[in-house]
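Data first, discussion second: the structure below is written as structure tokens.
No value in this document is a laboratory result; all are computed from the given coordinates. All figures in this text were calculated on a predicted structure; none of them were measured in a lab. All Cβ positions, even for glycine, are placed from backbone atoms using ideal geometry, and neighbour counts span all protein chains on display.
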Amino acid sequence: MDTCTKLSKTDPPVDPQIDPVVEQLVDRVIDKHKGEASALLQILLEIQSENAWLPRQALGRVSERLEVPLNRIQHIVTFYKAFSLVPKGRHKVHICVGTACHVRGATRILDTVEEATGIKPGETDLELKFSLETVNCLGCCALGPVMEVDGKVHGKMSPVKTSEVLKIYE
């Protein structure tokens, strides 16, 4: 084993009381990838896909099982926007604020979502029902303003239509 893949002595300790469900999830995903450190990104993506976020305990278990320093894993998950180190809501709401959507009223749509959910972009409500993000483009400019909820695109949005769509996901 080369020095790049050994656990670092400078890694901060991880809580030894890992949730058994998280531990089983991490172990299952790692076993699926045959414990290959080269599959680290895919392993992290799969864990997050099933768990909705990457708890510190999960990162510690990945570090231990793959023999990759925890600080390297933390560098990766903080570099890529796709990863979340905080719990996310069951429903991911994305509001396009790109030029085409902006000129067609994206700000009104964002204001409506903020008012209905009580959260701002980058936040998750306390009930873990909604997470809200703004994006620069969803690739469907002709439908602007656009809101995406759990991957489903809702176009030609108005504040009233936005409220109606959110009620579907409550």
How large is the translational diffusion coefficient of the range 91-168 in µm² per second when you combine the Kirkwood radius over alpha carbon pairs with Stokes-Einstein at 25 °C and 0.890 mPa s?
205 µm²/s
Below 8 Å between Cα atoms, with a sequence gap of 6+, how large is the relative contact order for the range 118-170 in percent?
20 percent
Could you state the number of Å between the C-alpha centres of the range 38-71 and the range 74-106?
21 Å
With +1 on each Lys and Arg Cβ and -1 on each Asp and Glu Cβ, and nothing else charged, work out how big the dipole of the range 49-113 is about its Cα centre, in Debye to the nearest 20.
140 debye
In whole percent, the Cα-Cα distances of the range 38-118 spread across 5 Å bins from 0 upward as 3, 13, 20, 17, 11, 11, 10, 8, 5, 1, 0
I want the local charge near CYS141. Using Cβ-Cβ distances under 13 Å, sum +1 for each Lys or Arg and -1 for each Asp or Glu among the other residues.
+2
When only C-alpha pairs under 8 Å and at least 6 residues apart count, what is the relative contact order of the range 14-170, in percent?
19 percent
For LEU126, what is the net charge nearby, where nearby means another residue's Cβ is under 14 Å from its Cβ and Lys, Arg count +1, Asp, Glu -1?
+1
Distant alpha-carbon pairs in the chain (separation over 25 angstrom), percent
43 percent
Counting only DSSP beta bridges with both partners in the chain, the antiparallel fraction in percent, to the nearest 5, comes to 55 percent
Highest to lowest packing among 138-146, 28-36, scored as the average C-beta count within 10 Å
138-146, 28-36
Total lysine pairs under 15 Å (Cα atoms) in the chain, excluding pairs fewer than 8 apart on one chain
11
Are there any trypsin sites (Lys or Arg not before Pro) in the range 68-113 that are in a DSSP loop and have at most 12 other Cβ atoms within 10 Å? List them by number.
LYS81
Determine the dipole magnitude for the chain: charges of +1 sit on the beta-carbon of Lys and Arg, -1 on that of Asp and Glu, nothing else is charged, the reference point is the Cα centre, and the result goes in debye to the nearest 20.
460 debye
